[in-house]
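Undergrad: Structure below; questions to follow.
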Amino acid sequence: MLFVGPTATSQQIAWHHAISNDDWLSVVAKRTYLVDRGRLLLAPEQEPLRILEGDPSRTGTIVHEADIYPFKPLTDIVVQGHAYPPRPQDTSFIAKVEVGPASKALLVVGDRQATLSPTGRIIYSPSEPIEKVPLTYEVAYGGIDLVAEEKYGNPMMAFDRYRRPEFQPEYHSPFIYPRNAAGRGYLIEATREAVDALQLPNIEDPYDPISKRGLAVENVLRWPSMPLPWGTNWLHPSFFPRIAYLGASRQFEPPTGPWPEVRRGFAEAPWPKLGHITEAMDYRFFNAGSLGLQLPPLQGDLSTLEFRLVALHPTGRDFTFRLPAKPPRIWVDGRNGSFTATNPVVHHVVIEPDRNTVHVVWRGHARALRPYTEPELEKMPYKVEWD
C-alpha cells in the first residue's frame, strides 16, 4: 500500500548516519499476531508504533521501548510476561528462550533470605516454592545498597540545590549498580545490617549464580566484576553496557582480564570505548534487547526459524512459533514520484506468552538525496506491502 506521512503502524524517518556521514531514509512497519498452535495469525487489533515509555514509579523500568529508531545493527528478541515452574512446589527451575540455534537460559529461584554467619560468611535460606516470577529487571541482580548510601551519603545530593528537571541526583548515587539500577542483591559491604536488608534476585545467570561467588563488591569502583543482570525484557537506556555505546559510564576500576560482556561474546574488544559522543557513538545503543538476545540481523525467508520458549507460558507447555514465510516489501521515497526498494530487516520481535501475542517490527532503509525536515516527511510517500 502507498502511504503519505506516518500511520499508526508505519512511519518514514529521515536520519543522518553519524559515522559514515550519509543521509538515509528508513521505514519501520509493525504487525501484531496471535499465536495459535504454533501459527501466527494477524491480530484483529493492531498495536501502534510505540515511543520510549518508562515507568516513573519504578526506577530503570521500561514499559515500551521505541519502535521508531531509524536503525539497529542487530535484531532484538524481547520476552515480556512471567516464568512458570514446570511442577507445583518447584523452588527453582531453568527457563529458556531459543531462536533457531541461539539460546538463552535463565535460572529462576524462589524468594529467599540472606544472613551473616558468626564467621562473616553470607548464608542463604532455602528458596520458597514459586507460583510465577515476572520477567522484569526488578527481580534480576542489581539495585542499590541503601544501607551503604545511608552510611556514607550520596555525594551527588550536594548538587540538589542546582537541580534541573533532567538531572536527578538520587539516580546518580555511587551505590547503584550501573548495569541494573532496578534490581536486587547489590551489596557494597557485608555488614549484618546490610545483609539483613538485602533482597535477593529471582532471575539469575545459571552459569554465574550469586551463591557461587562473593556477594559484596567492597569498593564501588569494582562493579565491573559483579554478575551480569539476567533477563529477557528491555534494557533501560541508562544501564551499562547500553549507555557505553554513547561513550558514557559510571566510574570504575577495570576488571582483571576481559570485561564480562566481552568474554561472554556480548560486546567486541576493544571495549568499552568511552569519550565524547561524537567520537564514541555506536548504533548498538539502539539495540535494547537483553544480553544474549541481540541477534545477527534477521531478514529474508524466516519461516524455518523456530522460536521456542520453555517455562515461560502459563500452561506450562513450550511456546513455539515461526515468523511469516515472506517479509514485507518496503520502499522509501526516491523523490520526483519514484521509490527506492529496500532490503527489510527485523528491527525487533516482542513476545508476550501470557497473551499469546507476538509483535514484529520490520525496517527498510536506503540512502536519501538530502536531509528532510519533519514537515517534509509528513508529505513524503512510501510503500509497504504484506503477503
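Undergrad: What length, rounded to one decimal in nm, is gained on full extension from Arg317 through to Arg213, with 0.36 nm per residue of separation minus their alpha-carbon distance?
TA: 34.1 nm
Undergrad: Here is a follow-up. Rounded, prolate or oblate, given the Cα gyration tensor of region 171-225, with a/c below 1.5 counting as rounded?
TA: On the way: a/c = 1.38, a/b = 1.16, b/c = 1.19.
Rounded.
Undergrad: Another one. Extension gain Arg264-Asp196, at 0.36 nm per residue separation less the Cα-Cα distance, in nm? Don't skip to the end; give the middle numbers.
TA: Values: separation 68, 0.36 × 68 = 24.48 nm, distance 3.22 nm.
So the extension gain works out to 21.3 nm.
Undergrad: Rounded to whole Hz and in sequence order, give me ³J(HN,Hα) for region 256-268 from the Karplus expression 6.51 cos²θ - 1.76 cosθ + 1.60, θ = phi - 60°, writing x for Gly and Pro.
TA: Result, ordered by residue: 6, x, x, 4, x, 4, 6, 4, 8, x, 8, 8, 10 Hz.
Undergrad: For the chain, just the Cα atoms, rotate onto the principal axes and tell me the three extents in Å, largest first.
TA: 78, 52, 37
Undergrad: Here's something else I'd like to know. Show that you can apply the helix-only estimate: for the chain, add -39,500 (n - 2.57) for every DSSP H stretch of four or more residues, divide by all residues, and state [θ] at 222 nm to the nearest 500.
TA: On the way: 5 runs with 24 residues, N = 387.
Rounded to the nearest 500, it is -1000 deg cm²/dmol.
Undergrad: Return the single residue from Asn202, Asn343, Asn287 with maximal mean-square fluctuation; model: Gaussian network over the chain, springs between Cα atoms under 10 Å.
TA: Looking only at Asn202, Asn343, Asn287, the largest GNM fluctuation is found for Asn343.
Undergrad: Rounded to the nearest 5, what is the percent of antiparallel bridges among the DSSP beta bridges in the chain? Don't skip to the answer; put the middle values down first.
TA: Details: 69 of 77 bridges.
If I count the DSSP bridges inside the chain, around 90 percent turn out antiparallel.
Undergrad: Moving on. Using the Cα gyration tensor of region 60-159, with a ≥ b ≥ c the square roots of its eigenvalues, what is the shape: rounded (a/c below 1.5), prolate (a/b larger than b/c) or oblate (neither)?
TA: On the way: a/c = 2.58, a/b = 1.15, b/c = 2.25.
Because a/c hits 1.5 or more and a/b fails to exceed b/c, region 60-159 counts as oblate.
Undergrad: What are the GluC sites (Glu not before Pro) within region 219-326 that DSSP puts in a loop, where the Cβ has at most 12 other Cβ atoms within 10 Å? Before the final figure, lay out the partial values.
TA: Numbers: sites: Glu261, Glu268, Glu279, Glu306; in loops: Glu268.
In loop regions of region 219-326 (DSSP not H, G, I, E or B), the sparsely surrounded GluC sites (Glu not before Pro) are Glu268.
Undergrad: Moving on to the next point. Using the crude model of +1 on Lys and Arg Cβ and -1 on Asp and Glu Cβ, and no other charge, please compute the dipole size for the chain relative to its Cα centre, in debye to 20. It would help to have the intermediate numbers written out before the result.
TA: Values: 41 positive and 45 negative charges, 134 e Å.
Its charge dipole is roughly 640 debye.
Undergrad: Toward the positive end of the charge dipole of the chain, about the Cα centre and with charges on Cβ (Lys, Arg +1; Asp, Glu -1), which of His82, Trp24, Ile144 goes farthest?
TA: Value computed over the given set: Trp24.
Undergrad: Which trypsin sites (Lys or Arg not before Pro) in region 187-223 pass both tests, a DSSP loop state and at most 11 other beta-carbon atoms within 10 Å? Write out the running numbers ahead of the final one.
TA: On the way: sites: Arg192, Lys212, Arg213, Arg222; in loops: Arg213.
For trypsin sites (Lys or Arg not before Pro) across region 187-223 that sit outside H, G, I, E and B with at most 11 neighbouring Cβ atoms in 10 Å, the list reads Arg213.
Undergrad: What is the magnitude of the charge dipole of region 196-285 about its Cα centre, with +1 placed on the Cβ of each Lys and Arg, -1 on the Cβ of each Asp and Glu, and no other charges, expressed in debye to the nearest 20? Kindly include the intermediate steps, with their values, before the conclusion.
TA: On the way: 9 positive and 10 negative charges, 20 e Å.
That gives region 196-285 a dipole magnitude of about 100 debye.
Undergrad: At 7 Å along the Cα-to-beta-carbon direction for both Glu150 and Ala280, put a label point, then send me their distance in nm to one decimal.
TA: 3.4 nm
Undergrad: Let me spell out the model: positive unit charges on the Cβ of Lys and Arg, negative unit charges on the Cβ of Asp and Glu, origin at the Cα centre of region 332-375. What dipole size does that give, in debye rounded to 20? Mind dumping the intermediate values first?
TA: Working: 5 positive and 4 negative charges, 57 e Å.
Around 280 debye, computed over region 332-375.
Undergrad: Here's a follow-up. Taking a ≥ b ≥ c as the square roots of the Cα gyration tensor eigenvalues, with a/c under 1.5 meaning rounded and otherwise prolate when a/b beats b/c, else oblate, which class fits region 239-387?
TA: Values: a/c = 2.48, a/b = 1.14, b/c = 2.18.
The shape class here is oblate.
Undergrad: To continue, here is another question. A 18 angstrom limit on the alpha carbon distance is what I want to check against. Which of Lys96/Lys326; Lys30/Lys96; Lys96/Lys132 exceed it?
TA: Working: Lys96/Lys326 27 Å; Lys30/Lys96 26 Å; Lys96/Lys132 15 Å.
Flagged as over cut-off: Lys96/Lys326; Lys30/Lys96.
Undergrad: Which order, highest average first, do 70-77, 242-249, 3-10 follow once you tally other Cβ atoms within 10 Å for each residue and take the mean per peptide? Please report the intermediate quantities before stating the final value.
TA: Working: 70-77: 20.5, 242-249: 19.0, 3-10: 16.1.
For the peptides 70-77, 242-249, 3-10, the packing ranking is 70-77, 242-249, 3-10.
Undergrad: Where in region 5-28 does the label zone of Arg367 land, with the point 7 angstrom along Cα→C-beta and an amide N cut-off under 20 Å?
TA: Inside the label zone: 13-27.
Undergrad: Could I ask something else about it? Using a basic spin-label model with each label point 7 Å from the Cα along Cα→Cβ, how many nm lie between Phe71 and Asp90?
TA: Spacing of the two 7 Å Cα→Cβ label points: 4.2 nm.
Undergrad: Moving to a separate point now. Run the paramagnetic zone check for Glu189: 7 angstrom along Cα to Cβ, then residues of region 216-234 with backbone nitrogen under 12 Å.
TA: Counting backbone N atoms under 12 Å from the label point, the list is 218-220.
Undergrad: Looking at Ala325, Val220, Val350, which one has the Cα that reaches farthest to the positive end of the dipole of the chain (charges on Cβ: Lys, Arg +1; Asp, Glu -1)?
TA: Ala325
Undergrad: Just grab the label-to-label distance for Leu34 and Asp22, each label 7 Å out from Cα along the Cβ direction, in nm (one decimal).
TA: My value for the distance between the label points is 4.2 nm.
Every read-out reported here was derived from the displayed coordinates using simple, explicitly stated rules and does not represent laboratory data. Just so you know, these numbers come straight off a predicted model, no measurement behind them. Backbone-built Cβ (ideal geometry, glycine too); neighbour counts: all protein chains shown.
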